[in-house]
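Please read the structure below before turning to the comments.
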Amino acid sequence: MTLEQLRIFVFVAERAHMTKAAQALGLTQSAVSAAVAALEARYQVRLFDRVGRGLVLTEAGRTFLTEATAVLLRARAAEQALTDLAGLKRGVLHVAASQTVSTYWLPRRLARFATVHPGLDIAMLTGNSAETAQAVVEGRAELGFIEGGDDHPALLRQGLAEDRIGLYAAPSHPLVGRAVSLSALQAARWVLREPGSGTRAHFERGLAERGVQIQALSVGLELPSNEAVLSAAEEGGWIAAVSELAAASLVAAGRLTRLAFDLPPRHFDLVTHKERRLSAAGRAFVEAVTASP
């Protein structure tokens, strides 16, 4: 059994499809099929059942996936230890970030860091805050940058920066230019980020502090990105709740207006795994982002 066979098996298991796994690995489908077949033949166990056009893990396959994933994580840790010996002249840094952070706060900091350390290969995963935290828990990312809200017991949190959520609407909206009451918010139509996003969680907490539960609002649209939410709000008749960073350009262009209703500030947080040692690149980037304003 080789690490390459384990890696191929995990890719097939995650995608439930030989062709998709082959494309992701940059291999031919025959090479992927042969690797899985070799494992099954060597140990006389079936790892997958073919159901329709896809693959489904057998009971043995599910058990083996847990062990194979753990071995690959240990192999990555061993490789990282050797990379550390070379300092920061080479290496890999995997980070994950929620949408607001990955779009408006993190890229410039990554660019500055990559300029100073051109030998590092830096990759970023993007999702909502819950997905970002899970990537760190599973070891797919070494550092996670979220908008708060996740208290997974395996993670350590560190505040990095402050942000504010604002309420935005088209200039023609009847609430623009006037004091906004809670009853007016409850009567309005809303377009919001999806549950699981840090933006949505902070908005719900801010409302709850004012005595209003999210169920009291008329939420007509739930969309998976800040850009989609803001684009919908431009159509008029809708109120969006997003970061000041996300709405800034549209407000400057006069396409959206901020309503006179304040929510408490929130933090952008760094999350790391309690039981995993940071790589040299990870430690250096943490030092860089905590030192920058």
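As a test of the formula, what do you get for the chain when each DSSP H run with n ≥ 4 contributes -39,500 (n - 2.57) and the sum is divided by the residue count, at 222 nm and rounded to the nearest 500 deg cm²/dmol? That comes out to -14000 deg cm²/dmol.
Residues whose amide H lies under 5 Å from that of residue 239, counting only those 5 or more places away or on a different chain, are 189, 190, 191; hydrogens are built 1.01 Å from N in the peptide plane. Summary of packing: across the peptides 251-257, 131-137, the per-residue average of other C-beta atoms within 10 Å ranks them, highest first, as 131-137, 251-257. Using only C-alpha positions, report the orientation-averaged shadow area of the convex hull of the stretch 165-264, nm², one decimal. Here the figure is 5.5 nm², rounded to one decimal.
Note: relative contact order over the stretch 50-203, using C-alpha pairs below 8 Å and six or more positions apart, is 22 percent. Backbone phi angles across the stretch 186-197, fed through the Karplus curve with coefficients 6.51, -1.76 and 1.60 (θ = phi - 60°), yield HN-Hα couplings of 5, 8, 7, 9, 10, 10, 10, 5, 6, x, x, 7 Hz in residue order; Gly and Pro are listed as x. Mean separation of Cα pairs under 8 Å and 6 or more residues apart, divided by the residue count, gives the chain a relative contact order of 20 percent. Relative to the longest principal axis of the chain, what angle (0 to 90°, nearest 10) does the C-alpha long axis of helix 29-43 take? Approximately 60 degrees, to the nearest 10. Across the stretch 3-102, the mean sequence separation of Cα contacts (distance under 8 Å, 6 or more residues apart), normalised by length, yields a relative contact order of 24 percent.
A quarter of the convex hull surface defined by the alpha-carbon atoms of the stretch 28-168 gives 13.3 nm² as the mean projection.
Ordering 97, 231, 261 by the projection of their Cα atoms onto the charge dipole of the chain, which places +1 on the Cβ of Lys and Arg and -1 on the Cβ of Asp and Glu, puts 97 at the extreme positive end.
Applied to the stretch 13-25, the Karplus parametrisation 6.51 cos²θ - 1.76 cosθ + 1.60 on θ = phi - 60° returns per-residue 3J(HN,Hα) values of 5, 5, 9, 6, 6, 5, 5, 5, 5, 4, 4, 5, 8 Hz, with x for Gly and Pro. For the stretch 270-286, the Karplus equation 6.51 cos²θ - 1.76 cosθ + 1.60, evaluated at θ = phi - 60°, returns couplings of 8, 10, 9, 7, 4, 9, 10, 6, 6, 5, 4, 5, x, 5, 5, 6, 4 Hz by residue, with Gly and Pro reported as x.
Could you give the length gained by full extension between residue 234 and residue 29, i.e. 0.36 nm per residue of separation minus their alpha carbon distance, to one decimal place?
Full extension from residue 234 to residue 29 adds 69.2 nm.
We did not get these values from a lab; they are worked out from the coordinates using the rules stated. Predicted, not measured: the structure shown is a model, and the values here were computed from it. Virtual Cβ from ideal backbone geometry, glycine too; neighbours counted across all protein chains shown.
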